[in-house]
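Structure first, commentary second.
The values are calculated or read from the model by the stated rules, or taken from the named source; none is laboratory data. These numbers were taken from a predicted model, which means no experiment stands behind them. So basically every Cβ, Gly included, is an ideal-geometry build from the backbone, and we count neighbours across all protein chains shown. Just the protein is used for accessible areas: all its heavy atoms, side chains included, with ligands, DNA and RNA removed. Shrake-Rupley method; radii C 1.70, N 1.55, O 1.52, S 1.80 Å.
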Amino acid sequence: MNLDDLKDRLASDARQTWERVQESAAYNQLRDRYENMSPSMQKITVVAASAAVALLILSFPYGNLTTSSEYVGEFEGKRMTIRELLKVSRESSEVPEIPPAPSMAQLRSTIEAQIKSANLMAEQIKGTQEGQNDSNLIPKNLTEGLMQVSLAKLNLRQVLDLGHQFQSISPSVKMKDMIMTANREDGRYFDVVYKLVALAVPAPPEVAPEPPAPPRNRRGTPEE
């Protein structure tokens with residue numbers, strides 16, 4: 001079927017449909033009412049009917065446009081969610097793993113070794129004692145314990161060097177407080193109390209070793 005035949009068929013179907021409409025009782029009643037109206041009412045009726053037809057025709061593209069806008073908004077929302085998930089996943093993979101904190105005995109031994117290497121005099125070393133974490137910043141259930149180091153008559157360079165060494169013992173050992181006061185006997189020096197907290201870092205899960213491969217015979221096949 002070519003284009004001319006299709007046009008003729010559509011025109012014929014439209015003509016038959018219009019003839020059936022003209023023969024219907026509803027159409028004849030509407031035509032009688034329209035003919036009995038005044039000329040002004042007839043104009044108003046024609047305008048209203050034309051507006052109704054125009055709105056009906058425009059409602060289809062408007063509905064499609066509204067649906068498309070909703071799909072676009074939904075797509076942009078999902079795209080933003082996926083971007084946030086990818087960002088969080090990337091940031092979580094970049095977070096370095098924190099090793100478990102040393103035991104309190106190991107921490108004390110390391111601190112005492114660092115103090116000894118600083119060549120302090122006996123009167124400058126006031127003692128190292130273990131205590132309980134009393135900080136509101138770090139909950140008690142997230143710490144292994146607290147180590148308090150008391151030193152006296154330190155110059156400013158010694159205060160900074162020892163503080164840096166204590167802080168660098170382990171990523172799981174954090175400097176909670178450093179209380180520094182001027183020495184009563186000589187104001188040029190400082191009495192310092194370092195408070196170190198060992199974090200309760202869970203140990204990584206153990207990976208079960210893979211079972212050994214079955215022995216193979218000379219042909220290269222597994223033995224039963």
### Task
Please list, ordered by first then second residue, the pairs with beta carbon atoms under 9 Å, 6 or more apart or interchain, first in segment 118-129 and without any contact (Cβ under 8 Å) to a residue 12 or more places away in the chain and under 17 Å from N155 (Cβ atoms), second polar (S, T, N, Q) and open to solvent by less than 90 Å² (accessible area, probe 1.4 Å).
none
### Query
Does segment 135-158 hold any residues that are buried (at least 18 other Cβ atoms within 10 Å of the Cβ) and not in a strand (DSSP E or B), and which are they?
Q158
### Query
Which one is farthest from A198 (Cα to Cα) among residues in segment 111-134 that are open to solvent by 20 Å² or more (accessible area, probe 1.4 Å) and assigned to a loop (DSSP other than H, G, I, E, B)?
M121
## Note on the structure
In the set S12, S50, S40, the lone residue that is modelled with pLDDT of 75 or more, part of a helix (DSSP H, G or I) and surrounded by fewer than 10 Cβ atoms within 10 Å (Cβ to Cβ) is S40
## Note on the structure
Selection over segment 166-185 where residues are free of Cβ contacts under 8 Å to residues at least 40 places away in the same chain and either open to solvent by less than 40 Å² (accessible area, probe 1.4 Å) or under 31 Å from the mean Cα position of the chain (by Cα) (or both) yields a count of 5
### Query
Is it the case that segment 35-49 has a residue that's within 30 Å of T128 (Cβ to Cβ) and of a type in the set (A, V, I, L, M)?
no
